[in-house]
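Heads up: the structure comes next, in structure tokens.
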Amino acid sequence: MVRPFDLSTSDLIYPIFIREDGKTFEIPSMKGQRYYSLDSCVEVCGEAVELGIPAVMVFGVLKKKDADGSIALRKDAFHPKIFNKLKKEFGDDLVLISNVCLCDYTADEFCVYTDERGKVLNEKTAEMLGKIAVVHAEAGADVVAPAAMCDGQVRHMRSALDDAGFDDVAIMTYVKTDSCLFQPYFEAMTLAEKPRRTVDPSRFRTDVINEKMFMQKVDLDIGEGADMVIVKPALTNLDHVLRVKEKYPTVPIAAYQVSGEYAMIKLLGEYGHVDEKVLLMETLSSIKRAGADMILTYYAVEVAKILRGK
Ligand SMILES: [Zn+2]
């Protein structure tokens, strides 16, 4: 009765991994989560809709990547197929959010373009992300989420979408601190044995201890036209969630409970040190308390079932 707010299924966004090679199995780095095929993703999305989860974040795992990521712009590529299929199946019952990053398409699996000396090529990356966003919007994505953390990515995306007639497609920008908690995700997204050996990601993610750097990036992306902000990871950035919420009370804020956070909860439960569900609800409640309007979590389906008493 006296709670100012509570966790609800309508806060949840379910991130799903869909493989182009059609193989479906448990993701080794994220026990309890599965890879879906183009067909089987319909099933899990249907379950999400039934449970009252309003949105999914789509991660496509390609069979083959290429040197410059230009495969992303082909209309017959895998990502457009996913959005086409899910939009046809669920219409407006499910919000389709597209993760837009170069690492999904480039052979070096890096989020940004670099020159031969390893210098990050900001404008070139941002321009490409804008083009990819249009391809996904054409195929049915409702929201695009630029994930490369490069300056200008929102500006390029907004103008590319507007020029193509997608002024109603929203931009949900990721602002990330540099974190080892992303590692299980990288392993899930690659078909290579040792992912990401090129440029150090700390060169474009924000320093975990530098809150000014983080807020500067938030200011930049909102100034460029971002409609929503995703703070990532959640657990290590609860103060950032609060700070963004206080500075931008009218901007919807999402927090992403990332793969490493998922794995920590899962493993602590498995080892028998804590009750997995209790820890899960405790972490999600703290994310909500910090000010998140939305929570991306690999536990979304399970949480929705708990909340519905199933
Ligand atoms: Zn990336």
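The values are calculated or read from the model by the stated rules, or taken from the named source; none is laboratory data. Everything numeric in this text was worked out from a predicted model, so none of it was measured. Neighbour counts are summed over all protein chains in view; Cβ atoms, including those assigned to glycine, are modelled from backbone coordinates with ideal geometry. Accessible surface is based on the protein model in full, side chains and every heavy atom, while ligands, DNA and RNA are left aside. Shrake-Rupley method; radii C 1.70, N 1.55, O 1.52, S 1.80 Å.
List every residue pair whose Cβ atoms lie under 7 Å apart, where the two residues are 6 or more positions apart in sequence or sit on different chains, the first residue falls within the range 61-87 and is under 17 Å from ASN99 (Cα atoms), and the second residue, located anywhere, is small (Gly, Ala, Ser) and surrounded by fewer than 18 Cβ atoms within 10 Å (Cβ to Cβ). Correct list of pairs: LYS65/ALA107. Scanning the range 149-160 for residues that are open to solvent by less than 20 Å² (accessible area, probe 1.4 Å) and touching a strand residue (DSSP E or B) at 6+ places or on another chain (Cβ under 8 Å) gives MET149, CYS150, GLN153, VAL154, MET157.
Here's the yes/no breakdown for (1) touching a Pro at 6+ places or on another chain (Cβ under 9 Å); (2) not acidic (Asp, Glu):
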residue: LYS87; (1), (2): no, yes
residue: THR106; (1), (2): no, yes
residue: TYR113; (1), (2): no, yes
residue: GLU116; (1), (2): no, no
residue: LYS119; (1), (2): no, yes
residue: LYS124; (1), (2): no, yes
residue: MET128; (1), (2): no, yes
residue: VAL135; (1), (2): yes, yes
residue: GLU138; (1), (2): yes, no
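For the range 115-127, the set of residues classified as more than 18 Å from the chain's Cα centre (by Cα) and either away from the ligand (no atom under 13 Å from the Cβ) or open to solvent by 50 Å² or more (accessible area, probe 1.4 Å) (or both) consists of ASP115, GLU116, ARG117, GLY118, LYS119, LEU121, ASN122, GLU123, LYS124, GLU127, listed by residue number. As for the range 128-137, it holds at least one residue that is free of Cβ contacts under 8 Å to residues at least 60 places away in the same chain, surrounded by 18 or more Cβ atoms within 10 Å (Cβ to Cβ), of a type in the set (Val, Ile, Thr) and more than 16 Å from the ligand (Cβ to nearest atom). In the range 96-113, the residue that is nearest to the ligand (Cβ to nearest atom) out of those that are modelled with pLDDT under 90 and not hydrophobic (A, V, I, L, M, F, W, C) is GLU109. From the list GLU261, GLU187, GLU246, GLU270, the one residue that fits, being in contact with a Pro (Cβ under 8 Å, 6 or more places away or on another chain) and open to solvent by 80 Å² or more (accessible area, probe 1.4 Å), is GLU187.
Please verify whether ALA164 is at pLDDT 95 or above and away from the ligand (no atom under 16 Å from the Cβ), treating the condition exactly as stated. It is true that ALA164 is at pLDDT 95 or above and away from the ligand (no atom under 16 Å from the Cβ). Assess whether ILE18 counts as being closer than 18 Å to MET172 by Cβ and among the hydrophobic types (A, V, I, L, M, F, W, C). It is false that ILE18 is closer than 18 Å to MET172 by Cβ and among the hydrophobic types (A, V, I, L, M, F, W, C).
Quick grid of which residues meet (1) at pLDDT below 95; (2) in a helix (DSSP H, G or I); (3) polar (S, T, N, Q); (4) within 18 Å of CYS101 (Cβ to Cβ):
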{"residue": "GLU193", "(1), (2), (3), (4)": "yes, no, no, no"}
{"residue": "ILE222", "(1), (2), (3), (4)": "no, yes, no, no"}
{"residue": "ALA226", "(1), (2), (3), (4)": "no, no, no, yes"}
{"residue": "THR236", "(1), (2), (3), (4)": "no, yes, yes, no"}
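Taken over the range 273-310, the criterion of being open to solvent by 40 Å² or more (accessible area, probe 1.4 Å) and touching a strand residue (DSSP E or B) at 6+ places or on another chain (Cβ under 6 Å) is satisfied by ASP293 alone. Set side by side, the residues VAL134, VAL144, VAL154 differ, and just one is outside any helix (DSSP H, G or I) and within 19 Å of ASP104 (Cα to Cα), which is VAL144. Does the range 70-93 include one or more residues that are farther than 20 Å from GLY140 by Cα, open to solvent by less than 10 Å² (accessible area, probe 1.4 Å) and of a type outside the set (S, T, N, Q)? Within the range 70-93 (the criterion being farther than 20 Å from GLY140 by Cα, open to solvent by less than 10 Å² (accessible area, probe 1.4 Å) and of a type outside the set (S, T, N, Q)), the answer is no, since none of the residues qualifies.
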